[in-house]
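**Student:** Mind having a look at this structure? Questions to follow.
Read-outs throughout are calculated quantities, based only on the coordinates presented, and are distinct from any laboratory measurement. This one's a predicted model, so the numbers in the text were calculated from it and none came from an experiment. All Cβ positions, even for glycine, are placed from backbone atoms using ideal geometry, and neighbour counts span all protein chains on display.
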Amino acid sequence: MDEPIEWIGGQPEGARPKRWPYALLPLGLIGLVAASALSWTAIRSTGQAVAEAVVPYTVSVQGAWSSQDKVVGGPLSMMLTINNTDPRKLPGMTLRLKGLHPGWQIIGAGPSAQITGDAIYFSSLVAPGKSEDLTVNLMPVKAGDSQIQLTLSAGRSTNAITMKTSATSQGTLLNAPASVRAATSSDLAVTPQLLYVRDLSLNTDASWDVQVQNAGVIRITSVTVAFPGLPSSFELTTTNPAAKIDPTAGTVRFATALDPGAGETLTVHFTPHAAGTFHVAAQLYLSDEPDPIVLPNGDRAVNFDVTVS
């Protein structure tokens, strides 16, 4: 009979290791590869954010207002030129504006811009050494002094970009001071032209066209065409664009918004139900002002005669 084995030194033999389930190895690899693929986008995004936080982008910025005369109701633009002085490509930019409320409203931006609250995302890519012109269209709605603060970040991130405005000035926050004055009646102005036919046919549709162009510095929010003393035999029928007709007062109110420089042709259709020669006067009221505009010749109405037969 063999002698039993006795341990003389060293460590006793441990438990026999379990055999690896090799048959499951391919499935485990597939799961690992899938998990890596799914998380790569998040890892890359996180890595980019960390890189931006450690080494912020650097750009040079030049900015200006489209007008020095800032008036309540007068749209204007903030224009920024962004030059990418960083060795990395800018994957779009997000501009954030603070200090807008309650005196300002964002009414537009470009190019390729998405507005969300006080943040504006510009999707254009900017390569190193290249520049991009950004425009933010604003409407001042309250008079007074304000300080609009601007920050810029790469893509849709919240990590502020370092902005250089000169060789000795840089930071992550830009200030855009603005002084807004209250609007006056002289800020409202149009260049009107009335087109009409003097000879009309009885009981037949006719029209008057009023061409208006905003020659003022603030937005026109409505145009009312009034015909004081319009003969009762003249029936105001339809308009283009759509408007509110008050046959008793002889007025037609167009809810037409015109920014400075913009124009519109307003058409009023009517039907004359009596023959004869008639005197017609036409007046224009802007943005529900209580008084009609003063025409270039000093009059407040365009006067003309028509004949219906």
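**Student:** For the stretch 236-309, what is the charge dipole size about the Cα centre, in debye to the nearest 20, if Lys and Arg each add +1 at the Cβ and Asp and Glu each add -1 at the Cβ?
**Tutor:** Details: 3 positive and 8 negative charges, 46 e Å.
The calculation lands at about 220 debye.
**Student:** Between Thr165 and Ala281, what is 0.36 nm times their sequence separation minus the Cα-Cα distance? Round to one decimal in nm. Can you show the working numbers first?
**Tutor:** Numbers: separation 116, 0.36 × 116 = 41.76 nm, distance 5.70 nm.
Length gained between Thr165 and Ala281: 36.1 nm.
**Student:** On full extension of the chain, what length is gained from Asp209 through Ser67, given 0.36 nm per residue of separation minus the C-alpha to C-alpha distance?
**Tutor:** Values: separation 142, 0.36 × 142 = 51.12 nm, distance 3.28 nm.
Length gained, Asp209 through Ser67: 47.8 nm.
**Student:** May I ask for the net charge around Leu138, where only other residues with Cβ less than 13 Å from the Cβ of Leu138 are counted and Lys, Arg are +1 while Asp, Glu are -1?
**Tutor:** On the way: positive: Lys70, Lys142, Arg219; negative: Asp118, Asp259.
With Lys, Arg at +1 and Asp, Glu at -1, the net is +1.
**Student:** Further question on the same structure: Note the full-extension length gain between Thr238 and Thr116 as 0.36 nm times their separation in residues minus their Cα-Cα distance, in nm to one decimal. Display every interim value, and only then the final one.
**Tutor:** On the way: separation 122, 0.36 × 122 = 43.92 nm, distance 3.92 nm.
Gain on stretching Thr238 to Thr116: 40.0 nm.
**Student:** If you don't mind, there's one more thing I want to ask. Where does each of 213-226, 241-254 land if you order them by average Cβ count within 10 Å, highest first? Provide the component values of the computation, followed by the final result.
**Tutor:** Values: 213-226: 20.7, 241-254: 15.9.
So the order, starting with the most tightly packed, is 213-226, 241-254.
**Student:** OK, next. Would you mind getting me the FRET efficiency between Arg96 and Thr191? Use the beta-carbon distance for r and R0 = 30 Å, nearest 0.05.
**Tutor:** On the way: r = 39 Å, r/R0 = 1.31.
The computed FRET efficiency comes out at 0.15.
**Student:** Using r as the Cβ-Cβ distance of Thr172 and Ser131, and R0 as 25 Å, what FRET efficiency do you calculate, to the nearest 0.05? Numbers along the way, then the final one.
**Tutor:** Details: r = 19 Å, r/R0 = 0.77.
For Thr172 and Ser131, the calculated efficiency is 0.80.
**Student:** Can you list the lysines whose alpha carbon sits under 22 Å from that of Lys130, skipping same-chain ones fewer than 8 residues off?
**Tutor:** Filter leaves Lys89, Lys164.
**Student:** For Arg88 and Val141, FRET efficiency with R0 = 41 Å and r from the beta-carbon atoms, rounded to 0.05?
**Tutor:** Numbers: r = 39 Å, r/R0 = 0.95.
E between Val141 and Arg88, to the nearest 0.05, is 0.60.
**Student:** If you don't mind, there's one more thing I want to ask. Please report the spacing between the Cα centers of the stretch 127-156 and the stretch 59-99 in Å, no decimals.
**Tutor:** 3 Å
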